[in-house]
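Student: I have a structure here, written as structure tokens, and I will follow up with some questions on it.
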């Protein structure tokens, strides 16, 4: 193969791609920047954002902190909180957004943490997800109770994270 990768990555699903484009347009128009902190989504939110032409005008980057200890080491999530409640917790999601904003130098951030399966984790059933977003006016956090395959849970969590981010930026989406 000349000039082509042997394996091509799939494009983000349309809903996520459209939401990502709307989020970035809103941020760019307001002169804001964005960072993401992801756990169960493993980079799906960042991939959706990076797929938008001109994303670099607002998207600073992301941290995939899949392992619990990395949430503390890379994002500054309190180790005591993680030890007491585990990584699948609304306060952990909020702390992840704070860490992403501070460490990546962004004005806004979003985070995902949860259980995609196949087994429960941190005392939480498969499909339990917390998403959080903050654009400097205080965090918003939502609990999702999702069902489906591991990859379906991850995709829906990423899409809902973008939807929450768009909502806190002032544009409600359907």
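Student: Within region 28-46, can you find the residues that are without any contact (Cβ under 8 Å) to a residue 40 or more places away in the chain and over 15 Å from the mean Cα position of the chain (by Cα)? Please lay out each step first, then the result.
Tutor: Restricting attention to region 28-46, the residues satisfying the condition of being without any contact (Cβ under 8 Å) to a residue 40 or more places away in the chain are 28-29, 31, 43, 46.
Within region 28-46, 28, 29, 31 qualify.
Student: Kindly evaluate residue 20 against the criterion of being closer than 21 Å to residue 115 by Cβ, modelled with pLDDT of 95 or more and not in a loop (DSSP other than H, G, I, E, B).
Tutor: On the way: closer than 21 Å to residue 115 by Cβ: no; modelled with pLDDT of 95 or more: yes; not in a loop (DSSP other than H, G, I, E, B): yes.
Criteria not met by residue 20.
Student: How many of the residues in region 98-107 are crowded, with 22+ Cβ neighbours inside 10 Å and either part of a helix (DSSP H, G or I) or at pLDDT below 95 (or both)? Walk me through it before giving the result.
Tutor: Keep residues of region 98-107 that are crowded, with 22+ Cβ neighbours inside 10 Å, which gives 99-101, 106.
Among the residues that remain, those that are also either part of a helix (DSSP H, G or I) or at pLDDT below 95 (or both) are: 99-101.
Going through region 98-107 one residue at a time, the tally reaches 3.
Student: Does residue 87 count as over 18 Å from residue 45 (Cα atoms), modelled with pLDDT of 95 or more and assigned to a loop (DSSP other than H, G, I, E, B)? If you could, list the steps in order and put the result at the bottom.
Tutor: Working: over 18 Å from residue 45 (Cα atoms): yes; modelled with pLDDT of 95 or more: yes; assigned to a loop (DSSP other than H, G, I, E, B): yes.
It is true that residue 87 is over 18 Å from residue 45 (Cα atoms), modelled with pLDDT of 95 or more and assigned to a loop (DSSP other than H, G, I, E, B).
Student: Residue check, residue 127 against (1) surrounded by 17 or more Cβ atoms within 10 Å (Cβ to Cβ); (2) within 15 Å of the chain's Cα centre (by Cα); (3) farther than 17 Å from residue 59 by Cα, all met but one. Which one?
Tutor: (2)
Student: Just checking, which of 43, 29, 62 is farther than 22 Å from residue 14 by Cβ and modelled with pLDDT of 95 or more? Steps first, answer last, please.
Tutor: Details: 43 fails: farther than 22 Å from residue 14 by Cβ; 62 fails: farther than 22 Å from residue 14 by Cβ.
The conditions single out 29.
Student: Please work out if residue 73 is over 27 Å from residue 24 (Cα atoms), surrounded by fewer than 23 Cβ atoms within 10 Å (Cβ to Cβ) and touching a strand residue (DSSP E or B) at 6+ places or on another chain (Cβ under 9 Å).
Tutor: Values: over 27 Å from residue 24 (Cα atoms): yes; surrounded by fewer than 23 Cβ atoms within 10 Å (Cβ to Cβ): yes; touching a strand residue (DSSP E or B) at 6+ places or on another chain (Cβ under 9 Å): no.
Considered against the rule, which asks whether it is over 27 Å from residue 24 (Cα atoms), surrounded by fewer than 23 Cβ atoms within 10 Å (Cβ to Cβ) and touching a strand residue (DSSP E or B) at 6+ places or on another chain (Cβ under 9 Å), residue 73 comes out as no.
Student: Anything in region 45-70 that is touching a strand residue (DSSP E or B) at 6+ places or on another chain (Cβ under 7 Å) and in a helix (DSSP H, G or I)? List them, or say none.
Tutor: 45, 46, 49, 50
Student: Residue check: is residue 158 in contact (Cβ under 8 Å) with a residue 24 or more places away in the chain, assigned to a helix (DSSP H, G or I) and crowded, with 23+ Cβ neighbours inside 10 Å? It would help to see each step written out before you state the result.
Tutor: Numbers: in contact (Cβ under 8 Å) with a residue 24 or more places away in the chain: yes; assigned to a helix (DSSP H, G or I): yes; crowded, with 23+ Cβ neighbours inside 10 Å: yes.
The answer is yes for residue 158.
For (1) modelled with pLDDT under 95; (2) closer than 17 Å to residue 24 by Cα, each residue gets a yes or a no:
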site	(1), (2)
125	no, no
136	yes, yes
144	no, no
152	no, no
160	no, yes
164	no, yes
168	no, yes
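Student: So if I check each of 95, 110, which one is closer than 29 Å to residue 56 by Cα, modelled with pLDDT of 95 or more and not in a strand (DSSP E or B)? Spell out how you get there, then give the answer.
Tutor: Numbers: 110 fails: not in a strand (DSSP E or B).
95 is the lone residue from the list that is closer than 29 Å to residue 56 by Cα, modelled with pLDDT of 95 or more and not in a strand (DSSP E or B).
The values are calculated or read from the model by the stated rules, or taken from the named source; none is laboratory data. Bear in mind the structure is a predicted one, so any value in this text is a computation, not a measurement. Quick reminder, even Gly has a Cβ in these numbers, built from the backbone with ideal geometry, and neighbours come from all protein chains shown.
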